[in-house]
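Heads up: the structure comes next, in structure tokens.
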Amino acid sequence: MRREDIALNLQKALLFRDVTEDEIATYVGGARVQIYAEGQYVYRQGDASDTFFIIAIGEAELVLGSDKGKELIVGRIGPGGHFGETGILTDKPRSLSVRALCDLVVICFDRRYFKITLLSNSRIHKQLDASLAERLRVAFRDQVDTLGGAARRDEESSAEEVILFREANPSAISLRRLARRQQDLRESKTAQRTQAAIDAMAAGNEPFLLTGETGTGKLIIARQIHMQSKRSGGSFIEVDLRDYESSLLERTLFGAEQSAFAFVQARQAGLFEQTANGTLVFSHFHLMKEELQEKLVKVMESSSYRAVDGSGNQAMQSRLAFISPHSLEHLRSTGKAIPALLALIEGQHFHVPPLRDHKEDLPRLVLHYLDRFSREYGKNVPKVSPETLGIFLNYDWPGNLTELSSVIRRAVMLAKEDEILPDQILLGLPKTEGKWEYNLLRISWIRRFLTSRIFPLVPQAIIAMVLLVTVIFLFFGPQEPQANLGLTIGWYIGWPLMFFSFFFLARTWCSVCSLAVPGTLLQNLIKPTRKTPQFLKDYSGWIMAVLCILVFWIEIVWDAYNRPFLTGGIILVITLGSVLFSVLFSRRSWCRYLCPLGAVNAIFAMPAVVELRSNRHVCLNRCQSHSCFTGDGDISGCPMFRHPYLVDNNRDCIMCAKCIKSCGNSSIQLNVRLAPQELWALETPRGADSFLIVAMGAIFFPFALQERFFQMTARLVEMLSRSGIDINDKLLASLLFFGLILVFQVGYRLMVAVQSLYARIDKKLLLSLFGYGTIPLVLGGYMALHLEFFVAGAGRIVPNIGHLVGMAVSYDDIRLISVDSTRVLQILTIFGGLMASLYATYRVMERALVGEALTSKTLVIPYTFLIVLAVLYLFLV
């Protein structure tokens, strides 16, 4: 290249745009020209920084390498652009490589000339400073983040390894080595189908779709497809759509032709370019905007794309993969995936089965995690006991591989021998950490009270004496309802106080309940070791819901409030049930799996202002005995069969404080909280819970109507009698009672069906989850009703006692506060419940949308339902 040509190209270089022709003529003398063929490296990462380059003709790409030999293209530089100055300025080796995209002509200045001559020109120095700043801010910002994320993902994927299917590459764990340690290692048909799908997808180059529940290993499978394919030498990058703003994602994918400052001349490389001859995975694909899906369809159909603000097309050399927890049918029916995109990927679709559908693979999955965590924690735990494996096979693993990994990790940490034992297994996922909580155990007198022998024995003894008096008067006291002390204590004092305790004390009532005392005493003598039948564990939610509804049916339809014998019978039946199950089975099986009072307490304790939880970091890193679950010396284990480490809701904790007493690491916390996260963050929402809360919402109406309900029933009986239809009033009342529950259940399911279609939400998830959002409102309604019960009826205790000693008594003016004051408190209670339910429902919908934007339109149907229900409650109280 002639001197005139060098000068002309320097004049075109934006770094020299403010430099005079005379100065450029001077610089030509210190320049030399070099030519590089297409694909040739100008320099490589780690080379000495001894030359500064300006591109005269052609284009170069910037390549960043990783420790694993992977390459990531982070940008391109065209004519007039420059590179190589960073290493010279910092006196460090090259931080990346530069490769010619086509035949490349560059003008070079050596290190000494660049620093002494070029940088002495203040105009060049100014442009260079601005260029460096802009390059750092715009050109490489996203690429550095992307490289870091990709490196982390590669590390996590290789650590996780391929465990669902047979060995397919040298980096995977050798199943043959594991088989030598356990002879019954088998590969299920599900695993074989999975590997067959991987083989088929790896052999092709088409985009593919993986669906399945959270935690099933979809990303692992996507990576295995990449590793088995011809693209294994290229980059494998995951784009989690939950982490990207839609407005920035297009630039991240397609890249940008150049920054807003023309002098940079470094084009931002997008993920398409970075994964050339590799694989780009879109996780949570259902969150992708329709506009971007349409652009991806065009890219895949044309095999080319154009950078943002670019003018020319580039070849699409990346293979695209899509991952979603939603099924293909759901993606299609809800419109989360456009038809054109589905048409391209549904032929290469595989639904990853949940772990419960291929439990035959559990032995080798367990061995994989034992091997992995043994190496991680420096232990040698190569096997599990047959009893432990039986526990694993009996469990449904709702968290799939994520949950299995967590359970095995914890067991390996606790293991003292070379075998995992049953008492080292804590099934479930640990709760997420919450905010806006204060640990009451920081207050010394509260901790002393809960860790002393006083609790729960003294409150239990007091309640037992009160209950004994109540039962005696129910069976042997006056049969006139108003004069019966047992009815007053039971229905107008004890029952309302129990409902109030749900909100303020969670399930503390269950820990001091004296109905279980006879059974507990007998259990201490007999010491049964028989475990609760699996059938009761599997269906306890539905059984408790049915028993709870039956208790309210007897209470309302058979008017237990005015029938002492019937009220006493309810108490005795529940007590006998507790005695029977305490004698037959270990711990408090009746309380945990069957008690109808426990069912209503469990549901209404979920929005309580207190919770008992553990500090999971202390449990994970310090605990070696988990005595809070198994017991320690004189203190028995958790009566509810739950480890505090895994408790994420008040439903499963009766606040007995045994774990506080036995934990030697001060891990247990008794928190006051503002937001009951379990209403929307429960790991395993149950359909039985939603069924019960909807039923309780329906039962509120006959419960609130009381005498008006019986009057209405009597009028209907009379009307039917005139029409020639004879029907018993109790039968009709029962039909109305259960009919109302049926109407509410059908209405609830219709509302959920409409909401799932309208908001494009998974119906099955919403059916079990939405009920939790209504709990605060329903609890507020019952608290408002029982407030009137307490205020109007608790005062009867004084004339009741007077009647017993033969005094002349009057039941007039026994209200504790005025009707107007009670009404105000009732309105506030229901309004507070409504506000809490609106917020909880907002969070429920946010979870159900799985990362999608929550709009006001999405909340119209559930909010309307809650507001209408609240208005009806206000009308009846």
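Structure above, values below:
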item: DSSP bridge pairs, the chain: antiparallel proportion in percent, nearest 5; result: 70
item: Inter-site label distance for Gln706 and Tyr438 at 7 Å from Cα along Cβ, in nm; result: 3.7
item: Estimated distance in nm for a label pair at Lys298 and Asn728, the labels positioned 7 Å out from Cα along Cα-to-Cβ; result: 7.4
item: Nonlocal amide H pairs with Ser614, under 5 Å, H built at 1.01 Å; result: Gln669
item: Accessible surface, the chain, averaged per residue in Å² (probe 1.4 Å); result: 44
item: Where a label projected 7 Å from the Cα of Ser333 along Cα→Cβ would reach, residues of segment 208-231 with amide N under 16 Å; result: 212
item: Listed values [x] 109, 81, 49; [y] 127, 61, 59; [z] 154, 54, 43, entry calculated as Cα extents along the principal axes in Å; result: [y]
item: In Å², nearest 10: area of Met465 left accessible to a 1.4 Å probe; result: 120
item: Percent accessible area from carbon and sulfur atoms, the chain, protein chains only, probe 1.4 Å; result: 59
item: Pairwise centroid distance, computed over Cα atoms, of segment 807-877 with segment 372-413, Å; result: 44
item: Per-peptide average of other Cβ atoms within 10 Å, ordering 313-319, 301-307, 778-784 highest first; result: 778-784, 313-319, 301-307
item: Under 5 Å, built H, 5+ apart or other chain: amide partners of Gly81; result: Ile55
item: With all protein chains modelled, accessible area of Asp726 [1.4 Å, Å²]; result: 130
item: Gain on full stretching of the segment that runs from Lys12 to Met835 - 0.36 nm per residue minus C-alpha separation; result: 289.7 nm
item: Cut-off 12 Å, label 7 Å out along Cα→Cβ of Cys102, residues of segment 309-335 by amide N; result: 312-313
item: Sequence-distant aspartates and glutamates (8 or more away, or on other chains) whose Cα lies within less than 14 Å of Lys189; result: Asp357, Glu360, Asp361
item: Extension gain (nm, one decimal) between Gln745 and Tyr811, 0.36 nm per residue minus Cα-Cα; result: 19.7 nm
item: At least 27 Å along the helix axis (C-alpha) and Kyte average at least -1.0, DSSP helices within the chain; result: 454-476, 534-557, 564-584, 687-705, 729-759, 763-793, 819-848
item: Amide H contacts under 5 Å for Glu852, placed H, 5+ residues apart; result: none
item: Estimated FRET transfer efficiency when R0 is 25 angstrom, pair Glu683-Asp357 (beta carbons, to 0.05); result: 0.80
item: Relative contact order [Cα under 8 Å, 6+ residues apart], the chain, whole percent; result: 9
item: Lys527-Ile57 pseudo-label distance in nm [points 7 Å out on the Cα-to-Cβ vector]; result: 9.6
item: Computed E for Ala753/Ala792 - FRET, C-beta separation, R0 51 angstrom, nearest 0.05; result: 0.80
item: Of Lys12/Lys289; Lys218/Lys661; Lys661/Lys763; Lys537/Lys764; Lys416/Lys531, pairs whose Cα-Cα distance is over 31 Å; result: Lys12/Lys289; Lys218/Lys661; Lys661/Lys763
item: Förster radius 25 Å - calculated FRET efficiency between Asp423 and Arg453, Cβ distance, rounded to 0.05; result: 0.45
item: Segment 355-506 shape via C-alpha gyration tensor axes, a/c threshold 1.5; result: prolate
item: Computed lengthening from Gln479 to Glu291, 0.36 nm per intervening residue step minus Cα-Cα distance; result: 60.2 nm
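The values are calculated or read from the model by the stated rules, or taken from the named source; none is laboratory data. Fair warning: this is a prediction, and the values are worked out from it, not measured in the lab. With ideal geometry, Cβ positions are generated from the backbone for all residues, glycine too; neighbour counts draw on all protein chains shown. SASA here: full protein model, heavy atoms, side chains in, ligands and nucleic acids out. Shrake-Rupley method; radii C 1.70, N 1.55, O 1.52, S 1.80 Å.
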